[in-house]
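Chemist: Attaching a single structure in C-alpha coordinates format; questions to follow.
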Amino acid sequence: MASRHALGVALGYTAGYVDTVGFVALFGLFTAHVTGNFVLIGSELARPGHGVLIKLLAFPAFILAVAAARLLAVWLEARQRPAARALTLLQLVLLLAFMLLGRAATPVQQTDALLPLLAGMAGAAAMGVQNAASRLVWSELAPTTVMTGNVTQLVIDLVDLARASAAPGTLSRLWKFLWPVLAFGLGAIHGAFAYQWAGFYALLLPVAILGVLLATALMV
(Lines give C-alpha, C1' and ligand atoms only; values in the text may rest on other atoms or scores of the structure.)
Protein backbone atom coordinates (compact mmCIF):
# COMPACT_ATOMS: atom_id res chain seq x y z
CA MET A 1 0.00 0.00 0.00
CA ALA A 2 2.83 2.41 0.85
CA SER A 3 4.37 1.85 -2.57
CA ARG A 4 1.02 2.69 -4.22
CA HIS A 5 0.85 5.97 -2.30
CA ALA A 6 4.46 6.75 -3.25
CA LEU A 7 3.71 6.08 -6.91
CA GLY A 8 0.65 8.32 -6.82
CA VAL A 9 2.68 11.10 -5.20
CA ALA A 10 5.48 10.80 -7.77
CA LEU A 11 3.09 10.87 -10.72
CA GLY A 12 0.97 13.68 -9.27
CA TYR A 13 4.08 15.79 -8.66
CA THR A 14 5.31 15.10 -12.20
CA ALA A 15 1.99 16.13 -13.74
CA GLY A 16 1.74 19.38 -11.79
CA TYR A 17 5.37 20.23 -12.51
CA VAL A 18 5.24 19.53 -16.26
CA ASP A 19 1.87 21.22 -16.68
CA THR A 20 3.18 24.40 -15.09
CA VAL A 21 6.41 24.42 -17.08
CA GLY A 22 4.37 24.13 -20.28
CA PHE A 23 2.00 26.88 -19.16
CA VAL A 24 4.78 29.31 -18.23
CA ALA A 25 7.09 28.53 -21.14
CA LEU A 26 4.59 28.21 -23.98
CA PHE A 27 2.11 31.04 -23.42
CA GLY A 28 -0.53 29.19 -21.45
CA LEU A 29 -0.34 25.66 -22.89
CA PHE A 30 -1.73 22.98 -20.58
CA THR A 31 0.14 19.76 -21.28
CA ALA A 32 -1.37 17.49 -18.62
CA HIS A 33 -5.04 17.91 -19.51
CA VAL A 34 -7.12 19.22 -22.39
CA THR A 35 -9.92 20.98 -20.51
CA GLY A 36 -7.92 24.13 -19.90
CA ASN A 37 -6.88 24.26 -23.54
CA PHE A 38 -10.55 24.19 -24.61
CA VAL A 39 -11.11 27.34 -22.56
CA LEU A 40 -7.98 29.04 -23.86
CA ILE A 41 -8.81 28.22 -27.47
CA GLY A 42 -12.27 29.68 -27.04
CA SER A 43 -10.76 32.79 -25.51
CA GLU A 44 -8.21 33.15 -28.31
CA LEU A 45 -10.84 32.73 -31.01
CA ALA A 46 -13.13 35.32 -29.42
CA ARG A 47 -10.30 37.77 -28.77
CA PRO A 48 -7.45 36.89 -31.15
CA GLY A 49 -4.00 37.16 -29.68
CA HIS A 50 -1.25 34.60 -29.95
CA GLY A 51 -0.83 31.00 -28.98
CA VAL A 52 -3.97 29.40 -30.42
CA LEU A 53 -2.13 27.15 -32.90
CA ILE A 54 -0.02 25.44 -30.26
CA LYS A 55 -3.14 24.70 -28.22
CA LEU A 56 -4.93 23.31 -31.26
CA LEU A 57 -2.01 21.03 -32.14
CA ALA A 58 -1.78 19.83 -28.54
CA PHE A 59 -5.08 17.98 -29.06
CA PRO A 60 -3.96 15.59 -31.83
CA ALA A 61 -0.64 15.10 -30.05
CA PHE A 62 -2.44 14.16 -26.84
CA ILE A 63 -4.92 11.90 -28.66
CA LEU A 64 -2.24 10.12 -30.68
CA ALA A 65 -0.22 9.53 -27.51
CA VAL A 66 -3.22 8.00 -25.74
CA ALA A 67 -3.88 5.79 -28.77
CA ALA A 68 -0.23 4.73 -28.93
CA ALA A 69 -0.22 3.94 -25.21
CA ARG A 70 -3.32 1.80 -25.62
CA LEU A 71 -1.91 -0.11 -28.59
CA LEU A 72 1.40 -0.65 -26.79
CA ALA A 73 -0.38 -1.94 -23.69
CA VAL A 74 -2.55 -4.31 -25.75
CA TRP A 75 0.51 -5.60 -27.63
CA LEU A 76 2.40 -6.27 -24.38
CA GLU A 77 -0.57 -7.82 -22.61
CA ALA A 78 -1.10 -10.20 -25.52
CA ARG A 79 2.43 -11.41 -24.85
CA GLN A 80 1.78 -11.57 -21.09
CA ARG A 81 4.23 -8.77 -20.38
CA PRO A 82 3.46 -5.84 -18.04
CA ALA A 83 2.93 -2.48 -19.69
CA ALA A 84 3.74 -0.12 -16.81
CA ARG A 85 7.47 0.12 -17.44
CA ALA A 86 7.08 0.48 -21.21
CA LEU A 87 4.55 3.30 -20.81
CA THR A 88 6.77 5.05 -18.27
CA LEU A 89 9.74 4.77 -20.61
CA LEU A 90 7.67 6.20 -23.47
CA GLN A 91 6.64 9.14 -21.29
CA LEU A 92 10.26 9.71 -20.26
CA VAL A 93 11.39 9.81 -23.93
CA LEU A 94 8.64 12.28 -24.80
CA LEU A 95 9.55 14.49 -21.84
CA LEU A 96 13.16 14.51 -23.00
CA ALA A 97 11.94 15.56 -26.44
CA PHE A 98 9.88 18.32 -24.83
CA MET A 99 12.96 19.57 -22.98
CA LEU A 100 15.36 19.41 -25.93
CA LEU A 101 12.96 20.96 -28.43
CA GLY A 102 12.05 23.68 -25.95
CA ARG A 103 15.69 24.41 -25.24
CA ALA A 104 16.41 24.61 -28.97
CA ALA A 105 13.50 27.07 -29.37
CA THR A 106 14.70 29.33 -26.52
CA PRO A 107 13.96 32.21 -26.33
CA VAL A 108 10.37 31.38 -27.20
CA GLN A 109 8.90 34.55 -28.68
CA GLN A 110 6.28 33.12 -31.04
CA THR A 111 4.46 29.87 -30.36
CA ASP A 112 3.56 29.42 -34.03
CA ALA A 113 7.20 28.82 -34.94
CA LEU A 114 8.14 25.21 -35.70
CA LEU A 115 10.28 24.35 -32.67
CA PRO A 116 7.89 25.71 -30.02
CA LEU A 117 5.02 23.88 -31.76
CA LEU A 118 6.96 20.62 -31.71
CA ALA A 119 7.97 21.17 -28.08
CA GLY A 120 4.36 21.74 -27.06
CA MET A 121 3.21 18.67 -28.94
CA ALA A 122 5.91 16.55 -27.27
CA GLY A 123 4.87 17.83 -23.84
CA ALA A 124 1.19 17.14 -24.52
CA ALA A 125 2.06 13.68 -25.82
CA ALA A 126 4.11 12.89 -22.71
CA MET A 127 1.22 13.76 -20.46
CA GLY A 128 -1.21 11.96 -22.75
CA VAL A 129 0.76 8.80 -22.03
CA GLN A 130 0.48 9.42 -18.26
CA ASN A 131 -3.27 10.04 -18.59
CA ALA A 132 -3.65 6.79 -20.51
CA ALA A 133 -1.47 4.85 -18.08
CA SER A 134 -3.67 5.97 -15.18
CA ARG A 135 -6.54 4.09 -16.85
CA LEU A 136 -4.61 1.20 -18.34
CA VAL A 137 -2.13 0.10 -15.67
CA TRP A 138 -2.73 2.21 -12.54
CA SER A 139 -6.51 2.17 -12.31
CA GLU A 140 -6.31 1.49 -8.56
CA LEU A 141 -4.63 4.88 -8.00
CA ALA A 142 -6.39 8.21 -7.75
CA PRO A 143 -6.04 10.22 -10.99
CA THR A 144 -2.65 11.94 -11.09
CA THR A 145 -3.08 14.46 -13.91
CA VAL A 146 -6.49 16.14 -13.39
CA MET A 147 -7.31 17.20 -9.85
CA THR A 148 -10.93 18.41 -10.16
CA GLY A 149 -12.48 15.02 -9.44
CA ASN A 150 -9.96 14.33 -6.67
CA VAL A 151 -10.76 17.57 -4.85
CA THR A 152 -14.49 16.95 -5.24
CA GLN A 153 -14.18 13.49 -3.68
CA LEU A 154 -12.00 14.84 -0.88
CA VAL A 155 -14.58 17.43 0.07
CA ILE A 156 -17.42 14.89 0.00
CA ASP A 157 -15.45 12.50 2.21
CA LEU A 158 -14.44 15.26 4.64
CA VAL A 159 -18.07 16.35 5.00
CA ASP A 160 -19.18 12.76 5.64
CA LEU A 161 -16.42 12.27 8.21
CA ALA A 162 -17.36 15.52 9.94
CA ARG A 163 -21.00 14.37 10.06
CA ALA A 164 -19.93 10.99 11.46
CA SER A 165 -21.83 9.36 8.63
CA ALA A 166 -18.95 8.09 6.55
CA ALA A 167 -19.19 4.66 5.00
CA PRO A 168 -16.51 2.05 5.74
CA GLY A 169 -13.37 2.77 3.75
CA THR A 170 -13.96 6.53 3.53
CA LEU A 171 -10.86 7.44 5.52
CA SER A 172 -8.71 5.13 3.41
CA ARG A 173 -10.11 6.69 0.22
CA LEU A 174 -9.49 10.18 1.58
CA TRP A 175 -5.78 9.46 1.99
CA LYS A 176 -5.69 7.86 -1.45
CA PHE A 177 -6.99 11.05 -3.09
CA LEU A 178 -5.26 13.56 -0.80
CA TRP A 179 -1.62 12.78 -1.56
CA PRO A 180 -1.78 13.17 -5.36
CA VAL A 181 -3.59 16.50 -4.92
CA LEU A 182 -0.93 17.81 -2.55
CA ALA A 183 1.84 16.47 -4.78
CA PHE A 184 0.31 18.05 -7.90
CA GLY A 185 0.11 21.43 -6.15
CA LEU A 186 3.67 21.19 -4.89
CA GLY A 187 4.87 20.16 -8.33
CA ALA A 188 3.10 23.13 -9.90
CA ILE A 189 4.84 25.54 -7.52
CA HIS A 190 8.24 23.93 -8.01
CA GLY A 191 7.79 23.81 -11.79
CA ALA A 192 7.14 27.55 -12.00
CA PHE A 193 10.21 28.47 -9.96
CA ALA A 194 12.40 25.85 -11.63
CA TYR A 195 11.56 27.19 -15.09
CA GLN A 196 12.46 30.71 -13.99
CA TRP A 197 15.81 29.40 -12.78
CA ALA A 198 16.73 26.77 -15.36
CA GLY A 199 14.45 27.23 -18.38
CA PHE A 200 13.55 24.02 -20.15
CA TYR A 201 16.34 22.20 -18.31
CA ALA A 202 13.92 22.27 -15.37
CA LEU A 203 12.32 19.24 -17.02
CA LEU A 204 15.33 17.17 -15.99
CA LEU A 205 13.66 16.74 -12.58
CA PRO A 206 10.49 14.94 -13.81
CA VAL A 207 12.68 12.96 -16.20
CA ALA A 208 14.76 11.87 -13.20
CA ILE A 209 11.61 10.98 -11.24
CA LEU A 210 10.44 8.72 -14.07
CA GLY A 211 13.91 7.21 -14.24
CA VAL A 212 13.76 6.37 -10.53
CA LEU A 213 10.33 4.78 -11.02
CA LEU A 214 11.75 2.64 -13.81
CA ALA A 215 14.64 1.56 -11.61
CA THR A 216 12.57 0.63 -8.56
CA ALA A 217 9.80 -1.76 -7.67
CA LEU A 218 7.18 0.98 -7.14
CA MET A 219 5.29 0.13 -10.31
CA VAL A 220 5.35 -3.62 -9.87
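The values are calculated or read from the model by the stated rules, or taken from the named source; none is laboratory data. Predicted model only: the values in this text are computed from it and were never measured. Virtual Cβ from ideal backbone geometry, glycine too; neighbours counted across all protein chains shown. Accessible surface is based on the protein model in full, side chains and every heavy atom, while ligands, DNA and RNA are left aside. Shrake-Rupley method; radii C 1.70, N 1.55, O 1.52, S 1.80 Å.
Chemist: Has segment 70-77 got at least one residue that is closer than 22 Å to residue 28 by Cα and among the aliphatic types (A, V, I, L, M)?
Modeler: No; the residues of segment 70-77 include none that is closer than 22 Å to residue 28 by Cα and among the aliphatic types (A, V, I, L, M).
Chemist: Quick check: is even one residue across segment 52-66 under 14 Å from residue 124 (Cα atoms), in contact (Cβ under 8 Å) with a residue 12 or more places away in the chain and among the basic types (Lys, Arg)?
Modeler: Yes, some residue in segment 52-66 is under 14 Å from residue 124 (Cα atoms), in contact (Cβ under 8 Å) with a residue 12 or more places away in the chain and among the basic types (Lys, Arg).
Chemist: Across segment 118-148, what is the total count of residues that are farther than 19 Å from residue 92 by Cα and open to solvent by less than 50 Å² (accessible area, probe 1.4 Å)?
Modeler: Result for segment 118-148: 3.
Chemist: Looking at segment 101-117, which of its residues are in a loop (DSSP other than H, G, I, E, B) and surrounded by 21 or more Cβ atoms within 10 Å (Cβ to Cβ)?
Modeler: 111 - this is the single residue of segment 101-117 that is in a loop (DSSP other than H, G, I, E, B) and surrounded by 21 or more Cβ atoms within 10 Å (Cβ to Cβ).
Chemist: Among the residues of segment 43-58, is any assigned to a helix (DSSP H, G or I), buried (at least 23 other Cβ atoms within 10 Å of the Cβ) and out of contact with any Leu (no Cβ under 9 Å at 6 or more places or on another chain)?
Modeler: no
Chemist: Turning to a different aspect of this structure: I'd like the residue in segment 156-180 that is charged (D, E, K, R) and in a helix (DSSP H, G or I) and, out of all such residues, is least open to solvent (accessible area, probe 1.4 Å). I'd like the intermediate steps shown before the answer.
Modeler: Restricting attention to segment 156-180, the residues satisfying the condition of being charged (D, E, K, R) are 157, 160, 163, 173, 176.
This time we only want the ones that are in a helix (DSSP H, G or I), so: 157, 160, 173, 176.
Details: 157: 1, 160: 44, 173: 89, 176: 71 Å².
Ranking the candidates gives 157 first.
Chemist: For segment 133-155, give me each residue that is closer than 18 Å to residue 66 by Cα, in contact with a helix residue (DSSP H, G or I) (Cβ under 8 Å, 6 or more places away or on another chain) and assigned to a helix (DSSP H, G or I).
Modeler: Passing the criteria: 133, 134, 136.
Chemist: Tell me, please, whether a residue that is within 26 Å of residue 91 (Cβ to Cβ) and not in a helix (DSSP H, G or I) can be found in segment 181-201.
Modeler: Checking segment 181-201: not a single residue is within 26 Å of residue 91 (Cβ to Cβ) and not in a helix (DSSP H, G or I).
Chemist: Return yes when residue 152 is open to solvent by 40 Å² or more (accessible area, probe 1.4 Å), among the β-branched types (Val, Ile, Thr) and under 24 Å from residue 203 (Cα atoms) and no when it is not.
Modeler: no
Chemist: I'm trying to understand the selection: among the residues of segment 1-29, which are surrounded by 24 or more Cβ atoms within 10 Å (Cβ to Cβ) and of a type outside the set (Ser, Thr, Tyr)? Lay out the reasoning, then the answer.
Modeler: Taking segment 1-29 first, the residues surrounded by 24 or more Cβ atoms within 10 Å (Cβ to Cβ) are 8, 11-22, 25-26, 29.
8, 11, 12, 15, 16, 18, 19, 21, 22, 25, 26, 29, listed by residue number.
Chemist: So, one more: Can you pull out every residue in segment 106-126 that is within 25 Å of residue 211 (Cα to Cα) and of a type in the set (Gly, Ala, Ser)?
Modeler: Once the filter is applied, which keeps residues that are within 25 Å of residue 211 (Cα to Cα) and of a type in the set (Gly, Ala, Ser), segment 106-126 yields 119, 120, 122, 123, 124, 125, 126.
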